[in-house]
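Take a look at the structure set out below.
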Amino acid sequence: MPEWISLVLFGVVFGMLLFGFPVAFTLGGVSLIFGYFTFGLNFFQLLPLRIWGTMTNYVLIAVPLFVYMGLMLEKSGLAEELLETMALLFGRMRGGLAISVVVVGAVLAASTGIVGATVVTMGLLSLPTMLKRGYTPELATGTICASGTLGQIIPPSIVLVLLGSIMNISIGDMFMGAVIPGLVLVGLYIVWILVIAFLRPKSAPAMPADELAAFKGKAMIKRVVRAFLLPFFLILAVLGSIFAGIASPTEAAAVGALGATGLTVWQKKFNLNTLREVMKGTTILTCMVFVLLVGATAFGLVFRGLSGDRYITHLILESEMGPHMFLFVVMLVIFIAGFFIDFIEITFIIVPVVTPIFQHLGVDLLWVGILIAMNLQTSFLTPPFGFSLFYLKGVAPPEVTTGHIYRGIIPFIAIQLIGLFVVIVWPEAVTWLPKVMSAGH
């Protein structure tokens with residue numbers, strides 16, 4: 001069987017996606033047609049076994065549980081309390097409000113992992129306040145979009161679960177490997193805001209003294225403890241149990257789902273309507289991911305059946321492309337693809353093709369997995385199809401234009417790329433924590 005047919009398959013799928021065809025049905029439909037014409041009816045005996053194997057994957061049960069946890073936390077009102085408290089805590093310094101948005105984005109990322117929910121919540125709560133305080137629309141929108149996407153890299157992230165299952169890496173290791181890169185990004189965002197506040201004080205002013213007057217003494221301590229303790233407890237229950245080796249990611253996701261429900265009850269926001277909305281949202285998101293998984297399974301079966309993975313490996317080895325050059329090409333392709341297609345689509349189309357090549361070249365797959373996750377995070381920010389930009393535009397006041405959002409996000413895309421470069425140059429940022437934790441067990 002000519003291996004070049006596998007490249008035609010890849011090209012047809014990618015081309016149809018660029019023309020706007022639905023991903024799941026494009027992946028599945030094109031693969032079924034190619035499978036029938038190249039392998040005959042035998043293909044349809046093998047495919048159901050592969051799909052069954054995917055659907056019964058214990059690790060992937062974590063996906064609906066983490067989605068449920070994120071959506072339930074959004075309903076709990078904890079995000080509002082966190083934002084208000086952080087704004088008052090950092091309000092005395094220039095750029096303090098923007099820094100509070102970054103910190104809250106990181107905390108929400110570690111407790112929800114749902115980008116859309118985080119961006120919408122912070123857009124509704126903090127964007128009007130930032131504009132009223134005299135922040136430029138560009139800095140305000142850029143900070144909110146970038147902070148909202150931290151849920152892609154800071155665990156527990158659904159992207160990390162999917163990447164781990166596709167690349168056959170322990171989800172616990174993926175979570176541990178992502179901690180330091182996630183914190184590096186948070187640090188870089190804060191440094192940028194401080195630089196802007198220093199160079200252009202009027203674009204990031206401090207909060208008025210009269211608003212901060214009531215926020216001191218015992219009242220301040222009580223409010224900070226209340227706002228931080230509940231999300232911290234949930235993060236500790238989920239990530240702590242995984243890192244300590246007490247629970248698998250799937251078991252920890254179940255703990256998180258139960259914990260998020262408990263926090264919503266504690267906040268007196270739990271009712272039948274909330275439960276119905278959360279379960280409906282969870283079902284829709286989970287169905288989308290798993291229908292994509294079925295399409296990706298069909299695509300992978302045909303692609304490997306045509307020896308596409310071996311053919312591409314052969315081409316790369318023939319071209320004498322070294323591991324670093326190949327990594328650069330893959331990162332560039334993922335970054336450019338992020339302008340046009342969604343992160344889930346990139347995960348299911350590109351990652352299964354490049355993983356065997358990285359294995360053959362002897363590259364650490366955990367390190368590559370985290371680099372891909374960081375790169376996919378950038379796809380949420382890049383125009384024209386950056387989802388964070390759409391989420392924010394949907395809830396932004398009328399005076400905030402699409403141009404403001406696009407201009408505001410450019411520095412943060414540059415920061416993402418700097419963060420990516422830091423992790424490429426310093427692989428220990430990814431590998432150190434998993435090694436320390438595995439040595440401790």
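Read-outs: derived from the displayed coordinates by stated rules, not from any lab. Being a predicted model, the structure only gives us computed values, none of them experimental. Cβ sites come from the backbone with ideal geometry, for glycine too, and all protein chains shown count toward neighbours.
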Scanning the chain for helices, which whole DSSP H stretches are 30 Å or more long along the axis (Cα) and average 1.0 or more by Kyte-Doolittle? 171-199, 272-305, 402-425
Longest the chain segment clear of trypsin sites (Lys or Arg not before Pro) sitting in DSSP loops (not H, G, I, E or B) with at most 13 other Cβ atoms within 10 Å runs 269-441
What is the extension gain from residue 318 to residue 271, computed as 0.36 nm multiplied by their sequence separation minus the C-alpha to C-alpha distance, in nm to one decimal? 10.7 nm
What nm value, rounded to one decimal, do you get for the distance between residue 229 and residue 280 when each label is placed 7 Å out toward the C-beta? 3.5
Row for segment 290-368, column shape: gyration tensor on C-alpha, a ≥ b ≥ c, rounded if a/c < 1.5 i.e. under 1.5, prolate if a/b over b/c, else oblate; value oblate
Spatial separation of Cα centroids for segment 165-185 and segment 324-352, in angstrom: 18
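Among 118-126, 294-302, how do they line up by average Cβ neighbours within 10 Å per residue, starting with the highest? Please report the intermediate quantities before stating the final value.
Values: 118-126: 24.2, 294-302: 22.4.
The most tightly packed comes first, giving 118-126, 294-302.
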How big is the gap, in Å, between the Cα center of segment 1-35 and the Cα center of segment 188-206? 47
Expressed in nm to one decimal, what extension gain is obtained for the pair residue 432 and residue 340 from 0.36 nm per residue of sequence separation less their Cα-Cα distance? 29.7 nm
For residue 430, what is the net charge nearby, where nearby means another residue's Cβ is under 13 Å from its Cβ and Lys, Arg count +1, Asp, Glu -1? -2
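From the cross-link list 280/435; 222/435; 132/269, which pairs have alpha carbons spaced over 31 Å apart?
Pairs exceeding 31 Å: 280/435; 222/435.
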Highest-MSF residue in the chain out of 267, 45, 359 [GNM, Cα springs under 10 Å]: 45
To the nearest 0.05, how large is the calculated FRET efficiency for residue 418 and residue 390 if R₀ is 35 Å and r is the Cβ-Cβ distance? 0.90
Two-decimal log10 I(q)/I(0) for the chain, as the Debye equation yields it once each C-alpha is a single scatterer, q = 0.06, 0.07, 0.10, 0.14 Å⁻¹: -0.26, -0.36, -0.72, -1.35
With a cut-off of 8 Å between alpha carbons and a minimum separation of six or more residues, what is the relative contact order of the chain in percent? 27
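Estimate the FRET efficiency between residue 325 and residue 41 by the formula 1/(1 + (r/R0)^6), using the beta-carbon distance for r and 51 Å for R0, to the nearest 0.05.
0.75
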Looking at the square roots a ≥ b ≥ c of the eigenvalues of the Cα gyration tensor of segment 29-85, which shape do they give, rounded for a/c under 1.5, prolate if a/b is larger than b/c, or oblate? prolate
